[in-house]
1. For region 94-170, which fully contained strands (runs of 3 or more DSSP E) count at least 2 residues that are among the aliphatic types (A, V, I, L, M), closer than 26 Å to residue 220 by Cβ and touching an Asp or Glu at 6+ places or on another chain (Cβ under 9 Å)?
2. If you scan region 171-183, which residues turn out to be in contact with an Asp or Glu (Cβ under 8 Å, 6 or more places away or on another chain) and charged (D, E, K, R)?
3. Please pick out the residue among 112, 181 that is under 30 Å from residue 224 (Cβ atoms) and either of a type in the set (A, V, I, L, M) or surrounded by fewer than 13 Cβ atoms within 10 Å (Cβ to Cβ) (or both).
4. Of the conditions (1) over 19 Å from residue 122 (Cβ atoms); (2) among the hydroxyl-bearing types (Ser, Thr, Tyr); (3) in a strand (DSSP E or B), residue 222 clears all except one; give me its number.
5. So residue 147 passes all but one of these: (1) under 30 Å from residue 211 (Cα atoms); (2) surrounded by fewer than 13 Cβ atoms within 10 Å (Cβ to Cβ); (3) among the acidic types (Asp, Glu). Which condition number does it fail?
6. When residue 121 is evaluated against the numbered criteria (1) surrounded by 12 or more Cβ atoms within 10 Å (Cβ to Cβ); (2) at pLDDT 70 or above, which criterion, by number, is the only one it fails?
7. Do the conditions hold for residue 227, that is, is it assigned to a helix (DSSP H, G or I), touching a residue at least 12 places away in the same chain (Cβ under 8 Å) and farther than 20 Å from residue 107 by Cβ?
8. Tell me, please, whether a residue that is over 22 Å from residue 103 (Cα atoms), modelled with pLDDT under 95 and of a type in the set (Ser, Thr, Tyr) can be found in region 159-169.
Amino acid sequence: MNKNIRIADNKIRKIWTENPSKLILKGSGKYMSKKNIIITCLVITVAILLIFIYYLIKSYNRNDIDSNISEEIIEQDDEKVENKDENTISASNKENEIISPTAKLEMEQYYKQCGHTIQEEYDVPEEIVNMTEDDIKKYYYGWEIGEFSKDRVKIYKENEGICNEHYIIKDDDEYITIYNKNIDGEEQFVRKTDILTKYLPEEDLISLKQGVEIVGKQDLGSFLEDFE
């Protein structure tokens, strides 16, 4: 048996000495050539290199994403700061804004009982020129400011009762005369026109004797035009 072992050992040594490119595959009884070893090593090296590149790219992408997120957060914070500064400047400018001498004043009033809204526009009175918004709030106490700029001021108010555009048109001493009707139904003289009633048809004279009720300045103007 020892003799057989020595023979096998001598054969292995001979193979190793004559051709070291051959090795014994464990458990297979077959030899692997040097070419196969090189190919195997190359495959393993390439695989390791690919794995390394994969994790390198993955790490780079993660860092790039984190960097983009950080930049977006910084940009958002900068925008908030800029908007805050702009709002602060805008508010400051608005507080210091004053009414121009050429500005317009619009007054809007709503009357709860009749449900009418009266809008009137004027050149601003001299006494409110150069006033700020806070000054206007104090000057027109009880009114709401709907719009304020150096060129235009709009104020609003709600009132009980009826508006002053409820008119009664009558024949007074042969002239068409205009009266206001108040909340109690009382008539208040407004003005006497130049329109004579003695030349009007009988039907119109009867209506004027009883009194013709008209609501609104526009309708009043249209009514008077029919008799001119």
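1. 104-111
2. Within region 171-183, 181 is the sole residue that qualifies.
3. Just one listed residue meets the conditions, 112.
4. Exception for residue 222: condition (3).
5. The single condition residue 147 does not satisfy is (1).
6. (1)
7. no
8. yes
The values are calculated or read from the model by the stated rules, or taken from the named source; none is laboratory data. Quick caveat: nothing in here was measured; it's all calculated off a predicted structure. Methodologically, a virtual Cβ is constructed for each residue, glycine included, from the backbone with ideal geometry; neighbour enumeration extends over all protein chains shown.
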